[in-house]
Amino acid sequence: MRSELGTTASGTRTVSLEELPGLVGQRLGPSRPVRITQEQVDAFAAATHDRQWLHTDPARAARGPFGTTVAHGYLTLALQTSLLWDVLRVVGAGSVVNYGLDRVRFVSPVPVGSELVMDVEVTAVTPVTGGYQLAYTATISVPGASRPGCVADVLFRYLRPEEG
């Protein structure tokens, strides 16, 4: 049987469920770049009822502190889940559960039109009933910017397939 484990040409690290503990201390990424569009920001504003002009009014925002509209911090944070799939694939997990956050900081604004990439540092892997909990620090950045847009300590659970 040919092993699927390793790093793909796209940079995705592929490991088995049992190999998760060996990732502690490793950096994964960067993810593929994701462009932030005004349409995304407007849709997020509508979904969350956060229509602050810094996010949704390009004409007013052009005269504001950032010179353009900026993504909501929570929109930037929400992208970390899909960006995780770009840097880590776990073979043998029956389910993957976003278990939550320990800490989040929105360090700098993310201008609409920017591309974001995410780097991951695996900080802990803990056995839990049915699998493992992975703790990682997600650093979501605009390439070339002096500071990241978002830094978050995230928890995911990778669980074995249910038998039966």
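Label sites at Tyr74 and Gln38, each approximated as a point 7 angstrom past Cα along Cα to Cβ, lie 2.3 nm apart. Normalise the Debye intensity by I(0) for the stretch 122-164, one equal point scatterer per Cα, no solvent, then take log10 at q = 0.13, 0.18 Å⁻¹ and round to two decimals. Relative scattering, expressed as log10 I(q)/I(0), comes to -0.42, -0.61.
Centroid-to-centroid, using Cα positions, the stretch 125-164 and the stretch 33-98 are 18 Å apart.
When the P(r) of the stretch 71-164 is calculated, the portion above 17 Å amounts to 50% of the C-alpha pairs. Electrostatic bookkeeping for Arg32 treats Lys and Arg as +1 and Asp and Glu as -1; over the other residues with beta carbon under 13 Å from its beta carbon, the sum is -2. For the Cα atoms of the chain, what angle does the longest principal axis make with the long axis of helix 73-87, in degrees from 0 to 90, nearest 10? Result, in degrees: 30. The value for the stretch 53-110 of Rg(Cα) / (2.2 N^0.38 Å) is 1.57. Computed from the C-beta positions of Val24 and Glu115, the FRET efficiency with R₀ = 25 Å rounds to 0.30.
For the stretch 67-164, which GluC sites (Glu not before Pro) are in a loop by DSSP, counting at most 12 other Cβ atoms within 10 Å? Taking the stretch 67-164 and a limit of 12 other Cβ atoms within 10 Å, the loop GluC sites (Glu not before Pro) found are Glu162, Glu163.
Subtracting the Cα-Cα distance of Asp57 and Thr14 from 0.36 nm times their residue separation leaves 11.3 nm of extension gain.
What number comes out for the charge environment of Val120, summing +1 per Lys or Arg and -1 per Asp or Glu over other residues with Cβ under 14 Å away? Taking every other residue near Val120 into account, the sum is 0. Taking Lys and Arg as +1 and Asp and Glu as -1, the other residues whose beta-carbon sits under 13 Å from that of Ile140 total -2. Helix 38-48 and the long axis of the chain differ in direction by around 80°, with both axes built from C-alpha atoms. Would you mind classifying the stretch 10-65 by shape? Square roots of the alpha carbon gyration tensor eigenvalues, ordered a ≥ b ≥ c; an a/c under 1.5 is rounded, otherwise it is prolate if a/b is larger than b/c and oblate if not. It comes out prolate by the Cα gyration axes. The equivalent ellipsoid of the stretch 3-101 has semi-axes of 36, 14, 11 Å, largest first, where each one is the square root of 5 times an eigenvalue of the Cα gyration tensor. Heavy atoms only, probe 1.4 Å: what % of the accessible area of the stretch 31-161 goes to carbon and sulfur, would you let me know? The value for the stretch 31-161 is 53 percent carbon and sulfur by accessible area. In this rough spin-label picture, where each label sits 7 Å from Cα along the Cβ direction, the Thr137-Tyr99 distance is 1.9 nm.
The values are calculated or read from the model by the stated rules, or taken from the named source; none is laboratory data. Quick caveat: nothing in here was measured; it's all calculated off a predicted structure. Note that we place each Cβ from the backbone using ideal geometry, even for glycine, and neighbour counts take in every protein chain shown. Please note that ligands, DNA and RNA were not included when accessible areas were found on the heavy atoms of the full protein model with its side chains. Shrake-Rupley method; radii C 1.70, N 1.55, O 1.52, S 1.80 Å.
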